[in-house]
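K.L.:
Before we start, here is the structure in question, set down as C-alpha cells.
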Amino acid sequence: AASNVSALIERLGLKDYDELLAFSNAQPGAYWRTVVDFCDIVWDTDYHTYADLSAGREFPRWFRGGELNWVRTALQWADDPATAQQDAVVAEREDGSVQRLSYSELAQRVASFAAGLKAQGVRRGDRVGLLMENGVEATVTLLGLAWLGAVAVPLFSGFGVDAIVSRLSSCSTRVLVATTGFSRRGRRVDTRKLVDEALTRLPDIDTVIWKHAGEPIEFGASVLDWQAVADAQPDLAPERMSPEDPFMVIYTSGTTGKPKGAVHTHGGFPLKIAHDSAVHFNVKQGDVFCWPADMGWIAGTLVLSSALLRGATLVCYDGAPDFPDWSRMSRLVERHRITHFGSAPTLIRGLAANEDIAMQGDVSTVRLLITAGEGIDP
C-alpha cells in the first residue's frame with residue numbers, strides 16, 4: 001500500500017496494476033507526463049510533445065520542445081533542507097576506508113569539477129574517456145561531464161590496451177580521465193602503464209587527467225591532476241540540453257563481435273532509470289542503494305542514477321566481493337544499512353557456495369534484491 005507504484009496508480013485515478021499497465025500502453029503520453037512529475041524531473045523548459053514520430057516510428061524524437069540537464073534532477077536534493085545533509089555517496093574502499101559526501105557536498109564538488117573541466121578547454125559535445133574504479137571521484141567525474149554537456153565514454157577498469165584503444169578511437173575521444181591504479185585483493189593494480197601504452201595509439205587525445213595516489217607524474221598543460229581540476233571555483237550553471245543530446249557513449253563487451261557504442265541521451269536513459277527505480281525498484285528518498293559494479297559497464301551508471309535521481313544514498317565499493325573473505329558483502333550491508341542490493345548471478349553463486357561465512361553480517365535492512373547480466377540458477 002505504501003509503494004511508489006501504488007502512489008502512481010492513485011495519482012492516475014486507476015484501480016490496480018493491470019489498469020496502470022493498460023493505461024501506459026494506451027496513453028503513453030499521459031502516462032509519461034504523470035511519471036516525470038511523480039519522479040520530480042527538473043526541466044529548464046517543459047516539453048510539449050512526448051513522442052514525435054513524424055519521421056517514422058524508426059526515428060522517434062522524445063520530449064520535443066523540452067530542455068533539461070539530467071544532473072539537475074540528481075542534485076536537486078541539495079536544495080532541500082530535508083535532504084541537503086543526507087549522505088548522497090558513501091564509498092568504501094577495499095582497505096576499509098570510507099568516504100562520504102552529503103547531497104550539498106556532492107553538488108558543490110560536481111559544480112567545481114565541471115568548472116575545472118571548462119577551464120581546461122573541455123566543451124559541450126566533447127567525448128571524454130572515463131577509466132576509474134567506482135567511488136566518489138568516478139561519481140563526481142560522470143556527473144561533472146554531463147553538467148558541462150560533454151559526453152562520457154566509460155571504460156571497464158580491467159580492460160587491456162587493445163580494448164581501451166578500440167573504444168576511445170571509434171568515438172573520437174579528445175580527453176581521458178583515468179586512475180593510475182587501485183587495490184584488488186590487497187594488491188595494487190597498475191592501470192597507468194596500460195593507459196600510457198594506449199595513449200601512444202590515440203593521437204586525438206590531447207588531455208589526460210590523472211586520479212593518483214601520490215606517485216610521481218610530470219604534470220603540465222596536457223597532463224593534469226584530477227584533484228587540481230576538481231578544486232576549481234564553481235562558476236556556471238548546468239548546460240541546458242535537448243532531450244536528444246548525448247551524455248554518454250557506452251560500449252558493449254565485444255564478446256559477440258566488434259564492441260558497439262550505445263548512445264544515451266539526457267532525455268532517454270536517465271528518465272527511464274528514474275521511472276524504473278521508482279516503479280520497479282521502489283526506491284524512495286532516504287533509501288540506501290548498493291550494487292557493486294564497475295563504472296565501465298552500464299550497471300555503473302544505472303546504479304548511480306537509480307539512487308541519486310530518487311534522493312537515496314549510493315553506496316560504492318571498489319574491491320573484490322570476497323576480500324578478505326566471503327562475509328565482505330553482508331558486512332557492507334550491515335555497516336551502511338543497505339536497503340536495496342544488486343548483484344550479478346556469478347556473485348550470488350559464490351555467496352551461496354560459502355553461505356556460512358557469507359551471511360555473518362546482518363542483512364535485515366535489505367528490502368529488495370536485484371540481479372542482472374546473465375542467467376541465474378533456479
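K.L.:
Pop a pseudo-label 7 angstrom from the Cα along the beta-carbon direction at both Ser170 and Asp79 and give the gap in nm to one decimal.
P.N.:
3.9
K.L.:
Within 10 Å of each residue's Cβ, count the other Cβ atoms and sort Ser343, Ser104, Ser6 from fewest upward.
P.N.:
Listed from fewest to most nearby Cβ atoms, that is Ser6, Ser104, Ser343.
K.L.:
Using Cα-only point scatterers and the Debye equation, what is log10 of I(q)/I(0) for the chain at each q in 0.08, 0.11 Å⁻¹, rounded to two decimals?
P.N.:
-0.41, -0.80
K.L.:
May I ask which residue of Cys171, Phe281, Ser306 lies farthest towards the positive end of the charge dipole of the chain, with charges of +1 (Lys, Arg) and -1 (Asp, Glu) on Cβ and the Cα centre as origin?
P.N.:
Cys171
K.L.:
Which order do Tyr31, Tyr317 fall in if you start with the one that has the fewest other Cβ atoms within 10 Å?
P.N.:
Tyr31, Tyr317
K.L.:
For Ser364 and Leu14, calculate 0.36 nm times their separation in residues minus their Cα-Cα distance, and state this gained length in nm to one decimal.
P.N.:
Length difference between fully extended and current span is 122.7 nm.
K.L.:
For region 1-144, just the Cα set please: Rg and Dmax, both in angstrom.
P.N.:
19.4, 55
K.L.:
Please give the length that would be gained between Thr252 and Ala55 if that part of the chain were fully extended, namely 0.36 nm times their separation in residues minus their C-alpha to C-alpha distance (nm, one decimal).
P.N.:
68.1 nm
K.L.:
Can you compute the label reach from Asp325? Point 7 Å from Cα along the Cβ direction, backbone N cut-off under 11 Å, restricted to region 340-365.
P.N.:
Counting backbone N atoms under 11 Å from the label point, the list is 356-361.
K.L.:
Could you give the length gained on full extension between Thr45 and Ala26, defined as 0.36 nm per residue of separation minus the Cα-Cα distance, in nm?
P.N.:
4.2 nm
K.L.:
For Lys260, project a label point 7 Å along Cα to C-beta. Then give me every residue of region 148-186 with its amide nitrogen under 11 Å of that point.
P.N.:
No residue qualifies, since no backbone N sits under 11 Å from the label point.
K.L.:
Whole-Hz Karplus ³J(HN,Hα) for region 266-273, in order, using 6.51 cos²θ - 1.76 cosθ + 1.60 and θ = phi - 60°, x for Gly and Pro?
P.N.:
For region 266-273, the Karplus-derived couplings read 4, x, x, 3, x, 5, 5, 5 Hz, x marking Gly and Pro.
K.L.:
Moving on to the next point. What percent antiparallel are the DSSP beta bridges of region 99-192, to the nearest 5?
P.N.:
Around 35 percent antiparallel, to the nearest 5.
K.L.:
Using amide H atoms built in the peptide plane, which far-off residues or other-chain residues are under 5 Å from Ser183 H to H?
P.N.:
Amide H neighbours of Ser183: Val189.
K.L.:
Next question. Just want to confirm a number: the relative contact order over the chain, from Cα pairs under 8 angstrom separated by 6+ residues, in percent.
P.N.:
Taking the mean separation of contacting Cα pairs over the length of the chain, I get 17 percent.
K.L.:
Just to be sure I follow: if Rg is taken over the C-alpha atoms of region 133-195 and Rh is the Kirkwood radius over the same atoms, what is Rg/Rh?
P.N.:
We get a ratio of 0.97 for region 133-195.
K.L.:
How high is the FRET efficiency between Arg201 and Ala1 when r is their beta carbon distance and R₀ equals 45 Å, given to the nearest 0.05? Display every interim value, and only then the final one.
P.N.:
Details: r = 58 Å, r/R0 = 1.29.
It comes to 0.20.
K.L.:
Related question: Filter the trypsin sites (Lys or Arg not before Pro) in region 138-242 down to the DSSP loop ones having no more than 11 other Cβ atoms within 10 Å, then list what survives.
P.N.:
Arg185
K.L.:
Which entries of Lys193/Lys258; Lys211/Lys284; Lys258/Lys284; Lys211/Lys272 have Cα-Cα distances beyond 29 Å here? Could you put the intermediate results ahead of the total?
P.N.:
On the way: Lys193/Lys258 24 Å; Lys211/Lys284 32 Å; Lys258/Lys284 39 Å; Lys211/Lys272 31 Å.
In this structure, Lys211/Lys284; Lys258/Lys284; Lys211/Lys272 lie more than 29 Å apart at Cα.
K.L.:
Tell me, Phe289, Phe59, Phe219 in order of fewest to most beta-carbon neighbours within 10 Å?
P.N.:
Phe59, Phe219, Phe289
K.L.:
Work the Kirkwood hydrodynamic radius out for region 99-168: mean of 1/r over every pair of different alpha-carbon atoms, inverted, in Å.
P.N.:
Radius from the Kirkwood sum: 12.8 Å.
Read-outs: derived from the displayed coordinates by stated rules, not from any lab. This one's a predicted model, so the numbers in the text were calculated from it and none came from an experiment. A quick note on method: Cβ atoms are made from the backbone with ideal geometry, for glycine too, and the neighbour counts reach across all protein chains shown.
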